[in-house]
1. Output the residues belonging to region 267-320 that are assigned to a helix (DSSP H, G or I), among the hydrophobic types (A, V, I, L, M, F, W, C) and open to solvent by 20 Å² or more (accessible area, probe 1.4 Å).
2. Go through region 110-136 residue by residue and tally those that are surrounded by fewer than 21 Cβ atoms within 10 Å (Cβ to Cβ) and within 16 Å of the ligand (Cβ to nearest atom).
3. Any chance you could count how many residues in region 235-255 are assigned to a helix (DSSP H, G or I) and buried (at least 22 other Cβ atoms within 10 Å of the Cβ)?
4. Any idea which residue in region 330-373 is most open to solvent (accessible area, probe 1.4 Å), counting only those that are of a type in the set (A, V, I, L, M, F, W, C), assigned to a loop (DSSP other than H, G, I, E, B) and in contact (Cβ under 8 Å) with a residue 40 or more places away in the chain?
5. Within region 146-169, is there a residue that is within 12 Å of the ligand (Cβ to nearest atom), closer than 20 Å to Ile193 by Cβ, at pLDDT 95 or above and of a type in the set (A, V, I, L, M)?
6. Which members of region 98-109 meet the condition of being away from the ligand (no atom under 12 Å from the Cβ) and open to solvent by less than 40 Å² (accessible area, probe 1.4 Å)?
7. Restricting the first residue to region 39-55 and requiring it to be within 17 Å of Ala366 (Cβ to Cβ), which pairs with a second residue that is part of a helix (DSSP H, G or I) and open to solvent by 40 Å² or more (accessible area, probe 1.4 Å) meet a Cβ separation below 8 Å and a spacing of at least six or different chains?
Amino acid sequence: MKKLGITLIILVALGSLGFAKGGQQGGGSSSTQAALIGIAMPETHVQRWQKDGANLKAAVEKLGYRAEVAYGDADQNRQNQQIQNFLTNGAKLLIVGNINDGVNSAIADAAQDNVTVIAYDRLIMNSGDYDYYITFNNYKVGQFQGQGLETGLNLKEASADAPKYITLFAGSPTDNNAKFFFDGAMSVLNPYIKSGALKVIGPYPETSADNANFQRIATENWQAPIAKTRMENLLNNDAANVVLDGILAPNDTLARAIIEACLADAKYADGKLPVVTGQDAEADSVLSIKNGQQYMTVFKDTAKLAEAAVSLADQIIKGQTPSIPGATLASGDLVSIGDTGKKQVKAYLLEPVIITQSNWQVPLDAGHFTAEESARLK
Ligand code: BGC
């Protein structure tokens, strides 16, 4: 009897150990394995996603779960296959940064299997099959870009008699974030355009709702060569007889491609670059800002986003009501950030930080860069 009692105590103790590890009670076929979290990232050609994938994996494993990471290479069919593999492998939860709406069939399959999906950074549009979204305040990212142009071009002092000239670029038309960035930026720029102090060279969608013009300035899958070619065409055509003062560029990858095109034009060589915006605080762009080429970027601390996303995942798996340190549940005007068109999902928001030459060290101090990148920046 005594022996049985001791055995029972040991068994109970072992069981609660597994429970304490969080991941061990569910998921795959074997109860001895920690639950699996599948991490589907959209692409690697924009550097941030490689950091996101690595940060998410580390955060997942730190909490005692298993992690699998896959990169979709900007190909939604490929990402759907990767998501199917996660489901086959018995994933309990998926963290998905999608490429386009084509992901919806895979998200529906996950729901069918009772697998929770968290949309990561990008809202999965037109789906009613998931409940959670975690991202930065993307409208504010755009406002920072607009403010970068406002300050960099000293728009408050400009007038219709001596206007400033800009041209507009947007991100991928299939990425819902691209619309938020653009609309945030235009909320700052439109009043100056209306007063005549700012003139737009090339297409001018007042907001992303002007879909025809938005498509003309958008950059399919955020591909740098597309932005570079469009900039070259602008320089040779619409902008041939004017000196551009500024360029709204939606992220760093595209900003550098646009700057490359400008530098090949005699008008903009030798320190005469327009004010170019960006986003992501990529090492090459922060270096460019430090050296006075790119004007600004927006730092989104993606290590914090990954940590917050995994904390959300952990709380959902444990059946708790999520409370995420460093992230706020969108409310009021911001609720629409979680509107997929089919469902209102819970959107958790982190805060971005504007970076110019005066505070370029902020992402460095936050540990945003690899050792090699930090060495290049110092
Ligand atoms: C992200 C940006 C990124 C862009 C291209 C957007 O959804 O929010 O940080 O630069 O995708 O990958």
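1. Pass one, region 267-320, residues assigned to a helix (DSSP H, G or I): 267-268, 283-290, 302-317.
Filter once more, keeping what is among the hydrophobic types (A, V, I, L, M, F, W, C): 283, 286-287, 289, 303, 305-306, 308-310, 312-313, 316-317.
Correct list: Leu287, Ala303, Ile316, Ile317.
2. Qualifying residue count for the region: 1.
3. So the answer is 4.
4. Of the residues in region 330-373, the ones of a type in the set (A, V, I, L, M, F, W, C) are 330, 334-335, 337, 345, 347, 349-350, 353-355, 360, 362, 364, 366, 369, 371.
Of the ones still in play, those that are also assigned to a loop (DSSP other than H, G, I, E, B) are 330, 345, 360, 366, 369.
Next, only the ones that are in contact (Cβ under 8 Å) with a residue 40 or more places away in the chain stay: 345, 360, 366, 369.
Values: Val345: 8, Trp360: 31, Ala366: 50, Phe369: 24 Å².
Of everything passing the filter in region 330-373, Ala366 is most open to solvent (accessible area, probe 1.4 Å).
5. So in region 146-169, the residues within 12 Å of the ligand (Cβ to nearest atom) come out as none.
Among the residues of region 146-169, not one is within 12 Å of the ligand (Cβ to nearest atom), closer than 20 Å to Ile193 by Cβ, at pLDDT 95 or above and of a type in the set (A, V, I, L, M), which makes the answer no.
6. Filtering region 98-109 down to residues away from the ligand (no atom under 12 Å from the Cβ) leaves 101-109.
Result: Gly102, Val103, Asn104, Ala106, Ile107, Ala108.
7. Lys51/Ala303; Asn55/Ala303; Asn55/Glu307
Let's see how each residue does on (1) farther than 21 Å from Asp175 by Cα; (2) among the acidic types (Asp, Glu); (3) surrounded by fewer than 21 Cβ atoms within 10 Å (Cβ to Cβ):
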site	(1), (2), (3)
Arg48	no, no, no
Ala58	yes, no, yes
Ala67	yes, no, no
Gly72	no, no, no
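The values are calculated or read from the model by the stated rules, or taken from the named source; none is laboratory data. On a predicted model such as this, the values are computed, not experimentally measured, just so you know. Reconstructed Cβ throughout: ideal geometry from the backbone, glycine too, with neighbour counts over all protein chains shown. In case anyone asks, the SASA skips ligands and DNA or RNA and just uses the protein heavy atoms, side chains included. Shrake-Rupley method; radii C 1.70, N 1.55, O 1.52, S 1.80 Å.
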